[in-house]
Structures are given as structure tokens and as C-alpha cells.
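Chemist: I'd like to ask some things about the structure below.
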Ligand SMILES: [Fe+2]
Ligand SMILES: [Fe+2]
């Protein structure tokens with residue numbers, strides 16, 4: 001087992017646009033899963049998603065290595081899962097000039113866990129935009145999602161699309177760009193994660209699903225960033241969109257079941273007895 005976690009400093013992925021890294025599973029699971037967030041140093045700086053609570057110190061250090069707390073003007077939450085909202089209250093506490101971009105259903109679903117007062121909220125839904133001084137950012141729902149509150153975020157000035165839980169893939173070790181992954185491992189990983197994140201894919205009319213992929217394709221992203229993937233750039237963008245398009249018809253690895261948990265529990269028990 002690894003005793004330490006690999007430290008990835010923020011990665012510049014486009015002008016004034018940075019991926020903030022975290023991951024889990026390293027050294028303890030067969031694969032590692034990225035837990036990224038993002039910063040856009042627009043005229044009015046934007047933080048996109050807030051990582052896991054257990055990574056709070058590192059998360060805040062990384063964000064504030066790029067932008068001063070008082071300069072953060074917008075905090076955009078893509079959806080209400082714990083890996084995207086883990087530090088939302090801490091970040092908003094630290095950034096007195098920030099407005100929190102959420103939506104009505106996030107408020108309903110988060111309940112009292114959202115400690116930011118309504119006077120600091122703005123509600124932005126799929127298809128809506130907001131101004132950040134030198135550009136408009138567009139909320140666009142990705143094709144794969146696991147919360148009804150989900151919106152991605154597209155920056156037309158850099159071509160970066162924040163895909164939230166879409167285009168996710170496991171890694172064998174923490175890396176910054178999907179170019180570092182074996183090609184088949186990467187595309188198989190997207191298929192598997194797509195099915196895990198959105199099991200309703202099996203229920204959806206394919207024409208309607210394709211329209212949701214077309215919508216992202218039409219943005220012609222230069223870079224796709226997401227919570228659970230290294231950066232996707234260059235020719236990998238078209239490949240990620242293509243494999244997502246074909247996901248409903250492709251088979252995938254089953255999720256670990258009770259027999260796997262039995263093995264884990266035996267290993268833990270043996271470890272204690274040893
Ligand atoms: Fe999620
Ligand atoms: Fe997620």
C-alpha cells in the first residue's frame with residue numbers, strides 16, 4: 001500500500017484555466033479515480049466545483065495559489081454530490097466577494113448541509129449563461145450525469161468545457177492528461193464509468209441520447225475537463241465524444257459485488273490478526 005498520496009499541483013489546461021487535482025483509491029484499490037475541480041482566472045475569477053471535504057486543506061491551498069480569496073467572484077457548482085460540494089461552505093466563507101451559482105433543486109436536495117445564505121446565491125439552469133467580466137460562461141448539461149441538478153460549464157473564449165461527471169475514467173496512477181493512459185484502457189474506462197454513473201442509459205431512446213451528445217459536439221471543445229478524468233485535449237476530445245456516443249451499445253465490467261467485499265474484509269481481518 002502507498003503510505004502517501006501523489007501530489008499533483010494545479011495543471012494549466014488553457015489560458016488562465018487550471019485543473020485542481022485530487023484523487024482516491026491510490027494504493028488501496030485496483031484503480032485510482034480523479035476528483036478534480038477547476039479555476040478560470042477570468043476578469044471576475046470563477047471556481048468550478050469544490051472537491052471532497054477530506055481534501056479541504058489541499059483544495060483551498062491549490063485554489064488560493066491561483067486566485068486571492070477576496071478576488072473570487074463566482075463559485076459554480078455543477079451538481080449536489082459530495083465530491084463536488086465538499087468544500088462549498090468553506091470556500092464561500094473564505095471568499096467574501098463570491099456569489100454561489102447553483103439552482104433551486106440543489107438547494108432542496110442539499111438542505112441544511114448548504115450553509116451559504118440565499119443572499120449570496122444565483123440560480124442558473126441548463127441552457128442559461130452568466131457574465132464574468134470579460135466573457136460569458138454557458139451552463140450546458142453533459143450527456144452523462146448522476147444528479148438531476150447537473151449542468152456543465154462551457155467557456156467559449158478558451159473552448160474549455162467542464163463536463164462534471166461525464167467522460168469519467170479510472171487511472172492506474174494519478175496523471176494530468178488522458179494522453180498518458182493506454183488508449184483501450186481509457187476508452188473502456190469511459191464506457192464503464194458512463195454506465196455506472198448513468199444506469200438509465202439502458203432505458204433511453206438512442207436518438208434522444210445522441211441529441212445530448214450532439215449538443216456537446218457542437219460546442220467543438222478544445223479541452224474537456226471533468227471531475228473524474230485527467231484533462232482531455234487535442235484529438236482525444238473527439239475520441240471521448242465518440243466513445244460516449246457509442247456507450248449504450250457497448251458492454252462493460254460489472255461493479256464489485258459482495259464476493260469482492262468478502263475478500264476485502266478477509267484481508268483486513270488477516271491484517272489485524274497478523
Ligand atoms: Fe455525481
Ligand atoms: Fe462526481
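Bear in mind these aren't lab numbers, they're just calculated from the coordinates by the rules spelled out. Source: prediction; values computed, not measured. Positions of Cβ are backbone-derived with ideal geometry, glycine not excepted, and every protein chain shown enters the neighbour counts.
Chemist: For region 181-228 and region 69-109, what is the separation of their Cα centres, given in Å?
Modeler: 25
Chemist: Computed from the mean reciprocal separation of all distinct C-alpha pairs, what Kirkwood hydrodynamic radius does the chain have, in Å? Write down the numbers at each step before the final one.
Modeler: On the way: mean 1/r = 0.0521 Å⁻¹.
19.2 Å is the Kirkwood radius here.
Chemist: With the Cα gyration tensor of region 155-213 giving a ≥ b ≥ c as the square roots of its eigenvalues, does the rule (a/c under 1.5 for rounded; else a/b larger than b/c for prolate; else oblate) give rounded, prolate or oblate?
Modeler: On the way: a/c = 2.42, a/b = 1.25, b/c = 1.94.
Cα axes put region 155-213 in the oblate bin.
Chemist: First check a/c for region 35-159, with a ≥ b ≥ c the square roots of the eigenvalues of its C-alpha gyration tensor; if it is under 1.5, answer rounded, and if not, answer prolate when a/b is larger than b/c or oblate otherwise. Working shown, then result.
Modeler: Values: a/c = 1.33, a/b = 1.02, b/c = 1.31.
Rounded shape, in that the Cα axes give a/c under 1.5.
Chemist: Given the options 190, 101, 264, state which has the largest fluctuation in a GNM of the chain using a 10 Å cut-off (strictly under) for Cα springs.
Modeler: 264
Chemist: Additional query: Debye calculation, C-alpha points only, no solvent: report log10 I(q)/I(0) for region 82-131 at q = 0.15, 0.25 Å⁻¹, in the same order as the q values.
Modeler: The calculated log intensity ratios at q = 0.15, 0.25 Å⁻¹ are -0.40, -1.09.
Chemist: Now for a different question. What order do you get for 18, 130 when you list them from fewest to most C-beta neighbours inside 10 Å? Each step should come with its number before you reach the end.
Modeler: Working: 18 22, 130 18.
With the sparsest Cβ surroundings first, the list reads 130, 18.
Chemist: Here's something else I'd like to know. Just to verify a number: FRET efficiency for residue 259 and residue 64, C-beta to C-beta distance, R0 = 41 Å, to 0.05?
Modeler: 0.40
Chemist: Evaluate E = 1/(1 + (r/R0)^6) for residue 123 and residue 7, where r is the Cβ-Cβ distance and R0 equals 45 Å; express this FRET efficiency to the nearest 0.05. Mind showing how you got there, number by number?
Modeler: Numbers: r = 36 Å, r/R0 = 0.80.
Approximately 0.80, to the nearest 0.05.
Chemist: Taking springs between alpha-carbon atoms closer than 10 angstrom, which of 238, 29, 163 fluctuates most in the Gaussian network model of the chain?
Modeler: Most flexible of the set in this elastic network: 29.
Chemist: Then there is this: Could I get the Rg over Rh figure for region 1-107? Both from C-alpha atoms, Rh via Kirkwood, rounded to two places.
Modeler: Details: Rg = 13.9 Å, Rh = 14.2 Å.
When Rh is taken as the Kirkwood radius, the ratio is 0.98.
Chemist: Per residue of the chain, what 222 nm ellipticity follows from adding -39500 (n - 2.57) for every DSSP H run with n ≥ 4, rounded to the nearest 500?
Modeler: Details: 8 runs with 84 residues, N = 274.
Value at 222 nm, helices only, nearest 500: -9000 deg cm²/dmol.
Chemist: With the Cα gyration tensor of region 88-198 in hand, give its eigenvalues times 5 under a square root as the equivalent ellipsoid semi-axes, listed largest first in whole angstrom. Walk me through the intermediate numbers first.
Modeler: On the way: eigenvalues 168, 60, 43 Å².
Square roots of five times the eigenvalues give 29, 17, 15 Å.
Chemist: If each residue's Cβ is checked for other Cβ atoms within 10 Å, how do 134, 93 rank with the fewest at the top?
Modeler: Numbers: 134 10, 93 13.
Ascending Cβ contact count within 10 Å gives the list 134, 93.
Chemist: Using a Gaussian network model of the chain with C-alpha springs under 10 Å, which one of 254, 221, 148 is most mobile by mean-square fluctuation?
Modeler: Among 254, 221, 148, the largest GNM mean-square fluctuation belongs to 254.
Chemist: I'd like the distance separating the alpha-carbon centroids of region 246-274 and region 10-50, in whole Å.
Modeler: Here the two parts' Cα centres lie 27 Å apart.
Chemist: Consider just the alpha-carbon atoms of region 185-274 and return their Rg together with their Dmax, both in angstrom.
Modeler: Over region 185-274's Cα set, Rg and Dmax evaluate to 17.7, 58 Å.
Chemist: Right, something else. Compute from the Cα atoms of region 50-99 the Rg and the Dmax, the latter being the longest Cα-Cα distance, and quote both in angstrom.
Modeler: Looking at region 50-99, its Cα Rg and Dmax stand at 10.0, 26 Å.
Chemist: Bins of 10 Å, beginning at zero and ending with the bin holding the largest distance: percent of Cα pairs per bin for region 119-274, please.
Modeler: Spelled out per bin, shortest first, that is 10, 35, 30, 16, 7, 2, 0.
Chemist: For each of 82, 243, 63, 204, count neighbouring Cβ atoms within 10 Å of the residue's Cβ, then give the residues from fewest to most. List each step's numbers first, then the result.
Modeler: Working: 82 11, 243 19, 63 26, 204 14.
Result, fewest neighbours first: 82, 204, 243, 63.
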